[in-house]
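The values are calculated or read from the model by the stated rules, or taken from the named source; none is laboratory data. Predicted model, so just to flag it, every value in this text is computed and none were measured. Positions of Cβ are generated from backbone atoms using ideal geometry, with glycine treated the same way; all protein chains shown enter the neighbour counts.
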Amino acid sequence: MSLHPGLKWRRPWLAAWVCLLCASLGGPLAAQDTAPLLPTPNIDPVLAGDVEVLHKLLDGRTMVGGSFSRLGNVVADGCGRLLQDGSPDAAFQCAVSNAKAFAVDPSGRVYLLRNGGPTLVRLLPNGALDPGFSTLNDGGISSLVIAGDALYLGGNFSSINGVARDRLARLSLDGVLDPGWNPGADANVGAMRAPGDGFLYVGGAFSTVGGSPRARLARVSLATGVVDAWNAALASTLGGFEVTAMDSDGSHLYVSGAFDTVQGQQRRRLAKIGLDTAATLDPNWAPQVLSAPTQFSGPRLLRVIGASVYVGDTTGDHLIGSGSDTKSARLIRLSRTGAAVIDLAYDPFADVSGTSANGPRALVEGDGGGRLFVGGAVSELSAGQVRLGLAALNPDGTVDGLSALVEATRIAGVTGLAFDAATRAIYVQGSFLKVNGVQRPGLLRLLPGGSVDGGFRPPAGRYSAVALAGGAVYAADDKARLLRKLDPISGDPVAGFTPIAYTQSIGSLVVAPDHLYLLGSFQLNGINPVLARFARIDLASGQVDTSFRFSPNAGGFIAGLEFDAATSSLFIHGVFSSINGTPVQNLARIDSNSAILDGSFAPAIPTQLSAVVADGEGGLWLNGGFATINGATCRAPARLLIATGALDPAFSCVRSALGIGSLAYARDAIYGSFGNSLRRFRRADGGAADPNWLRSAVPSPLTLRHFDDRVFVHGSYEMLGNEQRRSLAALPTIERYFRNGFE
């Protein structure tokens, strides 16, 4: 028999007969300790991984390091390898995570720096650790360079392999410390280059190297470690500053940092210095960083590729002037020679405003034709194109859609759900930028079969909350700082509704029959006196109810709210001892019709609650880290009687601690996230956990919502127990489901 997806057996005798038939064939999932995951929804919501380093290998492949979980569809925990065309190298499985620097020796062996120990490792061709290499250090190594048959280290360490070394060291290619090479620096060495002239150029926050005065930039002999007379004499009116990046074209050193002068001549944050003994400053190449996002750093990315110098940072726009031209952008291209002409048309990151993290962190030559590979958090968000973590750029700065370069992604969280009972569609809100490989900026509509509705296209934004009321979708867009009302099918703004402007963020939306309640860190614009953090909208008029004002005591806050339709009550919870001056402890009740705080409802809740759920049957379920309620021993979950605020005597909460999490109510049972497990408590069992509904080894935190005989579990995760699900999954609330998800 073929059934429409999601159709349930409604005749008990028919379901029983089919179950007997299925049992003989290995049929339905029997009641068991582990609650089954349903086949839908099963989506792949992702946002940008943070690519911090790209390093070209001798054979044209590219090492990628940073904070991400996948390169394309290949699992890569912050360390991976790309083939020459930019596709992921599935044969390479890096043994360590979160790579922050690479180096390659003349035989092609890869050395890797990572956060956490072992800090410095060498990899075999398949990504496994090379057992023939080991080092020990007592502090951070932040940079490494290979020149000839030696490995040079810079950072903040004070010893290597148990031998004292101040921030600079030289090792053999097998990790043996050179006993005679020991220049030393008095502060961090963060950048190094060996351009092939027999010297190592080091930059950082130091004042001396090898006992000689050198302000943030010096060069030492690769062979002996002796500090050379070469001295660029960097200085800054800001006092403390650091050389942040450097690169070389073989005859000059290009340097960035928060300096003001070089060799006594004005150079603001950028300079081109000769490798000659006099460290001659190029008199023509004189771009000036006129403003930068951070006062004491300057650009973090400075790369010389071909005839160009690339300057940029992920933290925001830089304003650079050169000659009569100025340009403000996250990535700026200058000519390498002459007067450092700014390429005014080059602007790959033109439309990134409003994203939480964006811009370049790494840059290398791409897969031919003058293309570049650029890495960052959001590597390209221009002309409607979203590239996550990695992007291939054409020579003119546009996105190359033909390159095989993959994206570097990590799982995105699902933070809000809204359910449409009429169509059985689900509105999903979260931090994602793409879902199932398609651009979806934080808000989508799932059809009943679990597929993403391609026709639902809300305005591009950064959505923080969603609700469905009166046949419309209400969504808080923290990018535009607007509460929007959207058509539930198309996602278009509803005509006649003026979006409500706010500052900061709306964290949740709760629907009551006539009102929409807002909760978060927001302040509504244009309302005097100020209305902030907790407000309501009249659904009929679309106007803010300026008379609805509830504030906790000084230092207190409201963390969540729950509406109970049976009693027309709004329950607010958080950390407070009073609301509008009325003594209430961490939980309060407001009549949604009269907007009057019920001072008689005052249960003694000693700690902040993590979840409050009304069951529509006179009960209020609580989860949290409490040990007592109303002075009596009680641990979550607990059920309060709304009428009195007393504990339900028919549901015992005298138990060992279960942890703090979310709750959902369905079919006379409470479902909860308790630490690292999902459990069910049926009212009929009087407070004992149901042994036939359990999901263990789940991540935390999770949020639970009930809809259509399912408990939806959402958060930010790649696995739910021992099964792969990404940030959103459903479990049945009924006793038996077939393997295809039908009841």
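Summary table
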quantity: Checklist (1) within 20 Å of Thr415 (Cα to Cα); (2) at pLDDT 95 or above; (3) not in a strand (DSSP E or B) applied to Arg705, failing item; calculated: (3)
quantity: Residue in the range 690-728 that is nearest to Arg680 (Cα to Cα), counting only those that are surrounded by 19 or more Cβ atoms within 10 Å (Cβ to Cβ) and touching a Pro at 6+ places or on another chain (Cβ under 7 Å); calculated: Arg710
quantity: Tally, over the range 602-615, of residues that are surrounded by fewer than 20 Cβ atoms within 10 Å (Cβ to Cβ) and touching a Ser or Thr at 6+ places or on another chain (Cβ under 9 Å); calculated: 3
quantity: Residue within the range 201-215 that is out of contact with any His (no Cβ under 6 Å at 6 or more places or on another chain) and under 17 Å from Asp105 (Cβ atoms) present; calculated: no
quantity: Residue that is nearest to Phe557 (Cα to Cα), among those in the range 606-654 that are in a strand (DSSP E or B) and polar (S, T, N, Q); calculated: Ser610
quantity: Residue selected from the range 125-148 under the condition modelled with pLDDT under 90 and either in a loop (DSSP other than H, G, I, E, B) or of a type in the set (A, V, I, L, M) (or both), by the criterion surrounded by the most Cβ atoms within 10 Å (Cβ to Cβ); calculated: Thr135
quantity: Considering residues of the range 98-124 that are of a type in the set (Gly, Ala, Ser) and surrounded by fewer than 16 Cβ atoms within 10 Å (Cβ to Cβ) only, the residue nearest to Leu363 (Cα to Cα); calculated: Gly108
quantity: Residue under evaluation Ala101, criteria (1) under 26 Å from Phe241 (Cα atoms); (2) touching a Cys at 6+ places or on another chain (Cβ under 9 Å), criterion not met; calculated: (2)
quantity: Residues of the range 426-449 satisfying the condition of being buried (at least 18 other Cβ atoms within 10 Å of the Cβ), at pLDDT below 95 and not hydrophobic (A, V, I, L, M, F, W, C); calculated: Ser431, Lys434, Arg440, Pro441, Gly442
quantity: Count of residues meeting criterion [part of a loop (DSSP other than H, G, I, E, B), under 22 Å from the mean Cα position of the chain (by Cα) and within 19 Å of Leu129 (Cα to Cα)] in the range 72-93; calculated: 3
quantity: Residues of the range 620-636 satisfying the condition of being surrounded by 14 or more Cβ atoms within 10 Å (Cβ to Cβ) and among the polar types (S, T, N, Q); calculated: Asn623, Thr628, Asn630
quantity: Filter result (on the phi > 0 side of the Ramachandran plot and surrounded by fewer than 19 Cβ atoms within 10 Å (Cβ to Cβ)) within the range 291-330; calculated: Gly306, Gly316, Gly323
quantity: Some residue of the range 162-169 being within 28 Å of Ser67 (Cβ to Cβ), outside any loop (DSSP other than H, G, I, E, B), at pLDDT 95 or above and more than 36 Å from the chain's Cα centre (by Cα); calculated: no
quantity: Residue among Arg655, Arg695 that is within 36 Å of the chain's Cα centre (by Cα) and over 30 Å from Leu516 (Cβ atoms); calculated: Arg695
quantity: Lone qualifier among Arg655, Arg589, Arg639 - being farther than 28 Å from Leu417 by Cα, buried (at least 16 other Cβ atoms within 10 Å of the Cβ) and in contact (Cβ under 8 Å) with a residue 12 or more places away in the chain; calculated: Arg655
